[in-house]
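Report on the structure given below.
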Amino acid sequence: MKIGVLALQGAVTEHIKAIEACGSEAIPIKTATQLQSIDGLLLPGGESTAMRRLIYYGNMLPALQAFAESKPVFGTCAGLILLASSVEGEEAHIGQMNITARRNAFGRQIHSFETPLVIKGVSDNFPAVFIRAPKIASVGEGVEILATLDGDIVCARDRHLLACSFHPELTKDYSLMSYFIEMCK
Ligand code: GLN
């Protein structure tokens, strides 16, 4: 399996290490043409506004949208925002996953926290790290909710697209990454 990590901004190195720990090859993706060589794509956390600008500067948006139409993509934190078909208060970006994202829904950087989560089909005790995290305000038809936190949706799957509000790459628990790699097979 070759899993690409969008490498324009954000938690790129940590995701590369996590993918390699799962026994797959990780490829940093900086151009549209590189998308042709991968089986799945990871959109890291970071700052979605910055990533969005870099995607436009690199003229990568059409290729990313085409990739996400049929190939597996996993958006984490800011990556969830990029993948959402609707983002409250602003335009959608890549926009292929049938969810509405609400940015910074858990407060500011100083309100960062870690909490154990039940993720359906993945883990009963996942150490989820939230950093200026978005929530999934609502999901469209056919989208499976995989995890909630105090009633808020924080992980979901829409066909071949997966998204979570938190940062799986910041822990040594690779169960959610393994789940995504299975989706790529
Ligand atoms: N708050 C960031 C955004 O809106 C996401 C934060 C993160 O990825 N840790 O893009």
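The values are calculated or read from the model by the stated rules, or taken from the named source; none is laboratory data. Just so we're clear, the structure is a prediction, and the values are computed from it rather than from any experiment. Cβ sites come from the backbone with ideal geometry, for glycine too, and all protein chains shown count toward neighbours.
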Tally time: how many residues in the stretch 114-136 are surrounded by 17 or more Cβ atoms within 10 Å (Cβ to Cβ), part of a strand (DSSP E or B) and touching a residue at least 40 places away in the same chain (Cβ under 8 Å)? 7
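What about Ser178, is it surrounded by 15 or more Cβ atoms within 10 Å (Cβ to Cβ), at pLDDT 95 or above and hydroxyl-bearing (Ser, Thr, Tyr)? Reasoning before the result, please.
Numbers: surrounded by 15 or more Cβ atoms within 10 Å (Cβ to Cβ): yes; at pLDDT 95 or above: yes; hydroxyl-bearing (Ser, Thr, Tyr): yes.
Yes, satisfied.
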For the list (1) over 22 Å from His15 (Cβ atoms); (2) in contact with a His (Cβ under 9 Å, 6 or more places away or on another chain), I need the number of the one condition that Ser86 fails. (2)
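Take the stretch 138-167 and flag every residue that is of a type outside the set (S, T, N, Q) and surrounded by fewer than 17 Cβ atoms within 10 Å (Cβ to Cβ). So that I can check it myself, show each step before the final result.
Filtering the stretch 138-167 for residues of a type outside the set (S, T, N, Q) gives 139-147, 149-164, 166-167.
Result: Gly140, Glu141, Gly142, Glu144, Ile145, Asp150, Gly151, Asp152, Arg159.
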Here the residues within the stretch 109-136 that are within 11 Å of the ligand (Cβ to nearest atom), modelled with pLDDT of 95 or more and of a type outside the set (Lys, Arg) are Val129, Phe130, Ile131, Ala133, Pro134
Every pair of residues 6+ apart whose Cβ atoms lie under 6 Å, when the first sits in the stretch 6-29 and is at negative phi while the second is modelled with pLDDT of 95 or more and among the basic types (Lys, Arg): Ala7/Lys30; Glu25/Lys2; Ile27/Lys2
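Taking the condition over 12 Å from the mean Cα position of the chain (by Cα), within 20 Å of Ala137 (Cα to Cα) and within 14 Å of the ligand (Cβ to nearest atom), does Arg52 pass? Don't jump to the end; show me each part of the working.
Numbers: over 12 Å from the mean Cα position of the chain (by Cα): yes; within 20 Å of Ala137 (Cα to Cα): no; within 14 Å of the ligand (Cβ to nearest atom): yes.
Here the answer is no, as Arg52 does not meet what is asked.
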Can you pull out the helices (runs of 4 or more DSSP H) entirely within the stretch 13-108 that have at least 3 residues that are acidic (Asp, Glu)? none
